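A.B. asks: Have a look at this one before I ask anything.
The values are calculated or read from the model by the stated rules, or taken from the named source; none is laboratory data. Worth saying up front: this structure is predicted, and the values here are computed from it rather than measured. Positions of Cβ are backbone-derived with ideal geometry, glycine not excepted, and every protein chain shown enters the neighbour counts. All accessible areas refer to the heavy atoms of the entire protein, side chains included, with ligands and DNA or RNA removed. Shrake-Rupley method; radii C 1.70, N 1.55, O 1.52, S 1.80 Å.
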Amino acid sequence: MMKRKKPVTPEAARLKMAGLCARGEHCRFEIAEKLRKMELSKTDIEAILDYLESNRFIDSSRFATSFVRDKVRFAGWGFRKVRAALALKRIPQEDIMAGIEEFDSDEYQAMAVRVAGSKLRSSHLDLNLAEDRMKLFRSMASRGFESNLISRCISTLRRQNQED
């Protein structure tokens, strides 16, 4: 026999979500999903979300900046993939662009070369072969890096391999 879930009061849900947001960055969409799972009314959900935003527990601009930084630095994502992921979380386009523009372009390019180099080593690719260059290109594109940046990374790695 399944246990019935005890209904959550709007006040308890508000406190729980405020605590969650205080521990880490979350966006309005993520919190709304959690509140829907608690089976609260749409009115209660909106009131809780408005409270969280007005008290700066939720801030889409801050979330976008943090998301960009974490996904590029730690997950090795390119800006195209980051942009798509933020759009799925219903982050406004201007906040997405601001978060991306805030990220250091030199660090981004260095990250792309690191990711390409790692893929090159782990897959034992030979950059003298067009087929292997295309494999690397597709791999980098699937991680969300831009075509022109991928081409520069491949050129950089080819030069480095010729010098070694």
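A.B. asks: Rounded to the nearest 500 deg cm²/dmol, what is the calculated helix-only ellipticity per residue at 222 nm for the chain, with -39500 (n - 2.57) per DSSP H run of length n ≥ 4?
C.D. replies: Calculated at 222 nm, the ellipticity per residue is -23500 deg cm²/dmol.
A.B. asks: Next question. Report the residue, chosen from Ser122, Ser105, Ser151, that carries the largest GNM mean-square fluctuation when the chain is represented by alpha-carbon nodes joined by springs under 10 Å.
C.D. replies: Among Ser122, Ser105, Ser151, the largest GNM mean-square fluctuation belongs to Ser122.
A.B. asks: A further question on this structure: For a label point 7 Å from the Cα of Lys6 along Cα→C-beta, name the residues of region 33-51 whose backbone N is under 20 Å from it.
C.D. replies: 35-41
A.B. asks: Also: In region 115-164, carbon and sulfur make up what percent of the accessible area (probe 1.4 Å)?
C.D. replies: C and S fraction of accessible area: 46 percent.
A.B. asks: Provide the per residue accessible area, probe 1.4 Å, for region 14-83, rounded to a whole number of square angstrom.
C.D. replies: Counting only protein heavy atoms, the per-residue value for region 14-83 is 55 Å².
A.B. asks: If you place +1 on the Cβ of every Lys and Arg and -1 on the Cβ of every Asp and Glu, how big does the dipole about the Cα centre of region 76-164 come out, in debye to the nearest 20?
C.D. replies: The dipole magnitude comes to about 460 debye.
A.B. asks: Quick one: pull the percent of accessible area on region 1-77 belonging to carbon and sulfur, 1.4 Å probe, ligands and nucleic acids left out.
C.D. replies: Carbon-and-sulfur percentage of accessible area, whole number: 55.
A.B. asks: Excluding residues fewer than 8 places away in the same chain, name every one of the lysines whose C-alpha is closer than 19 Å to that of Lys135.
C.D. replies: Those lysines meeting the cut-off are Lys81, Lys119.
A.B. asks: Here's something else I'd like to know. Computed from the coordinates I sent, semi-axes √(5λ) of the Cα gyration tensor in Å equals one of (1) 29, 19, 12; (2) 25, 19, 14; (3) 43, 17, 12. Tell me the label.
C.D. replies: Correct label is (3).
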